[in-house]
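Scroll down for the structure; my scribbles are underneath it.
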Amino acid sequence: MADQGRTTRPPTDVDRLRSVQAQVREAAVAAGRESGSVRLMLATKTIEPDRILALIAAGQRLIGENRVQEVVAKAAALAGSGHECHLIGHLQGNKINQVLPYVTCVQSVDSAALGTRLNSRIASLERTLDVLVQVNVSGESTKSGVEPAAVPALLAELAPLSALRVRGYMTIGLRSADLGAVRAGYRTLAGLRDRALTVGMPGAEHAVELSMGMSGDFAEAIAEGATIVRVGSAVFGPRALVNG
Ligand SMILES: *Cc1c(COP(=O)(O)O)cnc(C)c1O
């Protein structure tokens, strides 16, 4: 872009967004995939609405929030901006009613009980809701999500819930500098999806999405088939420490 004679300025959120968008496209092409086959989600926890709005104005549509409280707090400021919000953090049953007006997908469904409560609530609103099954591929006890072996049973329990659309799977990768080990976890998630589709597992008919990869490892996730990458700090810079 032309510098218009100005001295160099520090990069803005929009500059970093453009850079991440380019890296996402390049990683897709490097993996032999279509350059537009991966959706970029901005993980916006702790980020003020003004900064989010600037990125939506720059063409970013999809955001992800971890906490119901934050979704609700930002809702008025973001209303009408044309964005789409997914919940990507743990959802307590007693917060379902608060969050449903503002999200089009809950990526963190990890139990039949939660699925059942979401289904009855969304059905009473005469809506449907996209959901992803959250899987713990790393085996770390601190991570939410069902273990890979429990996925078929959960899919079977979600299948009859007619207001839910199971669109795929989400995972939070292993937190490790060993990108090979991180990548192996992503391969596990892709394998689960592929197997469920191949054998025609009940409830998995439309479960094609793989939400995996964050700032430090989205290229590896894309190489393993990610269709949604969730990126925060690569765009917003390092966060103050908060839960999630
Ligand atoms: C914060 C967060 C991200 C993004 O993490 P970065 O490392 O900042 O890119 C992705 N997914 C979930 C569930 C998160 O909580």
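The values are calculated or read from the model by the stated rules, or taken from the named source; none is laboratory data. Keep in mind the model is a prediction, meaning the values are calculated, not measured. Don't worry about glycine lacking a Cβ; one is built from the backbone with ideal geometry, like all the others, and counts go over all protein chains shown. Surface areas here come from the heavy atoms of the whole protein model, side chains and all, with no ligands, DNA or RNA. Shrake-Rupley method; radii C 1.70, N 1.55, O 1.52, S 1.80 Å.
First check a/c for segment 87-174, with a ≥ b ≥ c the square roots of the eigenvalues of its C-alpha gyration tensor; if it is under 1.5, answer rounded, and if not, answer prolate when a/b is larger than b/c or oblate otherwise. Note, shape of segment 87-174 comes out prolate. Working from label points 7 Å from Cα in the Cα-to-Cβ sense, the L179 to S124 distance is 4.8 nm. Among the DSSP helices (H) of the chain, none spans at least 24 angstrom by Cα along its long axis with an average Kyte-Doolittle hydropathy of 1.6 or more; this is a geometric and hydropathy rule only.
Once the Cβ-Cβ distance between D15 and A156 is put in as r, and R0 is 35 Å, what FRET efficiency do you end up with, to the nearest 0.05?
Numbers: r = 46 Å, r/R0 = 1.32.
With R0 = 35 Å, the Cβ-Cβ based efficiency is 0.15.
Amide H to amide H, with H built 1.01 Å from N, Q134 comes under 5 Å of V109, D110, V146, M170, counting only residues 5 or more places away or on other chains. Summing +1 for each Lys or Arg and -1 for each Asp or Glu among the other residues whose beta-carbon sits under 14 angstrom from that of V72 gives +2. Here the simple spin-label model places points 7 Å from the Cα toward Cβ, and for A77 and R239 these points are separated by 1.5 nm.
Applying a DSSP loop filter and a limit of 11 other Cβ atoms within 10 Å to the trypsin sites (Lys or Arg not before Pro) in segment 1-60 leaves R6. Across the chain, where is the longest run that never hits GluC sites (Glu not before Pro) in a DSSP loop with at most 10 other C-beta atoms within 10 Å? With a cap of 10 other Cβ atoms within 10 Å, the longest stretch comes to 127-244.
By the rule of a C-alpha distance below 23 Å, with chain neighbours fewer than 8 residues away ignored, the lysines paired with K74 are K45, K95.
Add -39500 (n - 2.57) for each DSSP H run of 4 or more in the chain, then divide by its residues: what number comes out at 222 nm, to the nearest 500 deg cm²/dmol?
On the way: 9 runs with 93 residues, N = 244.
Rounded to the nearest 500, the figure is -11500 deg cm²/dmol.
In percent, how large is the relative contact order of the chain, given Cα pairs closer than 8 Å and 6 or more residues apart?
Working: 431 pairs, mean separation 46.5, N = 244.
Reported as a whole number, the value is 19 percent.
At the residue level, D194 shows approximately 70 square angstrom of accessible surface with a 1.4 angstrom probe and all protein chains present.
Taking 0.36 nm per residue of separation and subtracting the Cα-Cα distance, full extension of the segment from Q92 to R39 would add 16.4 nm. Between E26 and T7, the simple spin-label model (points 7 angstrom out along Cα→Cβ) gives 2.9 nm. Between the amide H of C105 and those of L87, distances stay under 5 Å, these residues lying 5 or more places away or on another chain, with hydrogens modeled in the peptide plane. Here the chain is treated as a sphere whose radius is the Kirkwood value from Cα pairs; by Stokes-Einstein at 25 °C and 0.890 mPa s it diffuses with a coefficient of 132 µm²/s. Note on the chain: dipole from Cβ charges, positive end direction compared against A219, V235, V24; the farthest Cα belongs to V235.
With R₀ set to 51 Å, the beta-carbon distance separating R51 from V199 gives a calculated FRET efficiency near 0.70. Separation of segment 164-189 from segment 89-156 is 17 Å, based on Cα centroids.
Size of the dipole of the chain about the Cα centre, Lys and Arg at +1 and Asp and Glu at -1 on the beta carbon, nothing else charged, in debye to 20? Show your work: numbers first, answer last.
Details: 26 positive and 23 negative charges, 65 e Å.
It works out to roughly 320 debye.
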